[in-house]
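Read the structure below first, then the notes.
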Amino acid sequence: MGEYIVSARKYRPLTFDSVVGQHALTTTLKNSIASGKLAHAYLFCGPRGVGKTTCARIFAKSINCLSPLPNGDACGQCESCRAFDEQRSMSISELDAASNNSVEDIRELCKQVLIPPQVGKYKVFIIDEVHMLSPAAFNAFLKTLEEPPSYVIFILATTEKHRILPTILSRCQVYDFQRMSTQDTIAHLQKVAQKEGYETEPEALNLIAQKADGGMRDALSIFDQMVSFTGGKLTYQNVCQSLNVLSTDYYFRLVNHFLAHEVQPCLLLLNEILQKGFDGGNFIAGLSTHLRNLLVARDVSTLALLETSEQMRQKYNEQAMRCRPRFLYKALKLCNDCDLSYRTSNNKRLQLEICLIQATQLDEEDSPGPGLGPAKTLKPIFNVPGAQGPDTSAPQAVQPVAQGHNAQVPLAVAGSSQPQDARPVGQVEEPRPQMPPAAAHVHVPEGGSAG
């Protein structure tokens, strides 16, 4: 049995055509090599594990190849290519700026720039993690980077472009590497599995690709871990168990309970999930993602946003057709509110249970309310048939009580149920004697006066 090499190193691309997910960028580099229009400094930036250092090495090997291929790739047979493959090339140097970030290290690099290449046309310096250089080292590197000798090419690589000084950026050709799509990652993992003779399920590879979050190196590392756990037979359930990821089957079952307005099964299913050790915050985040996927799967035009296997897309589409858009909007709002309140709640489980109970009681006939909350309407509790009350359709003005000798009786209000005296309209009512306010509390003896 030979020496074991991890898949990330064993299947590292050696040509531009074998680089995954960076077609536009590799095409630009190959065309610049074929036309001989090379810049003196390049900056490769992007997320981790997307091929920055790999492309830098392929680019350095190709521009120093003594007999390059018509498409711009290196031949792999000349002395320069063999020296690079055997890691004995004196024309291509690689520097780790994370551990060599001082001014003295840059000064030593500037001295090596003065030495012309021994084999090949260019002397290439690959500086990885260049954002780790100190400000003083950046300043010491400026002059050499701006006006290097004609045979020197610098290739800088970084994951944090915002930490590079603007004076450095203005002196380089910047190439932004993009994240690996889920489909590209799955296709590459399938090729590796076929070469190694492993049995895989598309859903298992899709879960690994999602866990890698756009990094091919991370995907291959997780792939090796799953192979060790399953013995070369990667199934969806085994990968979920090894990665401690909640299966999507739970979310499909929950939505079915929502649609059936079943509260008790939802609470029992939540208890089963929590008993397995899954975090409630991750659970509600996964439920939100599932509802979003259902919303995306309803329309053919947005189906491309669902990065999963074809079989899983069909499963999402089948459940999405049974959900109305208004139900999905309200459920997403509930999950988002629960996610925000979950972090600060003292009773976190109660927050999850309230969210599930509300999701099972969503009424699709209610109109959505303005603002953050749903519409609040009051409906009558009792409805007695045949009951007729007073006519309150027209508001009645309230007349103040007139006091004094010149007070007149108000006219009778039309439709009033109160009986009216048969007094002529213009007759004035005799004023009644009124007691002063203070006299109401004075006791007057019989036969005497209050005064």
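FYI, it's all coordinate maths here, none of it is from the lab. Every value quoted in this text rests on a predicted model; they were computed, and no experiment measured them. Positions of Cβ are generated from backbone atoms using ideal geometry, with glycine treated the same way; all protein chains shown enter the neighbour counts.
What the table below lists for this structure:
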read-out	value
Selection from the range 97-109 of residues that are under 18 Å from Val152 (Cα atoms) and acidic (Asp, Glu)	Asp105, Glu108
Strands (runs of 3 or more DSSP E) lying entirely in the range 103-188 (those with 3 or more residues that are surrounded by 13 or more Cβ atoms within 10 Å (Cβ to Cβ) and touching a Gly at 6+ places or on another chain (Cβ under 9 Å))	none
Close pairs from the range 214-233: first farther than 16 Å from Met180 by Cα, partner aromatic (Phe, Trp, Tyr) and surrounded by fewer than 20 Cβ atoms within 10 Å (Cβ to Cβ), Cβ under 9 Å, at least 6 apart	Val227/Tyr198; Thr230/Tyr198; Gly232/Tyr198; Lys233/Tyr198
Qualifying positions in the range 205-225 - farther than 22 Å from Asp279 by Cα and among the aliphatic types (A, V, I, L, M)	Leu205, Met216, Ala219, Leu220
Helices (runs of 4 or more DSSP H) within the range 208-294 that include 2 or more residues farther than 19 Å from Cys338 by Cα and aromatic (Phe, Trp, Tyr)	216-230
Residue list for the range 20-77, restricted to those being β-branched (Val, Ile, Thr), surrounded by fewer than 22 Cβ atoms within 10 Å (Cβ to Cβ) and assigned to a loop (DSSP other than H, G, I, E, B)	Val20
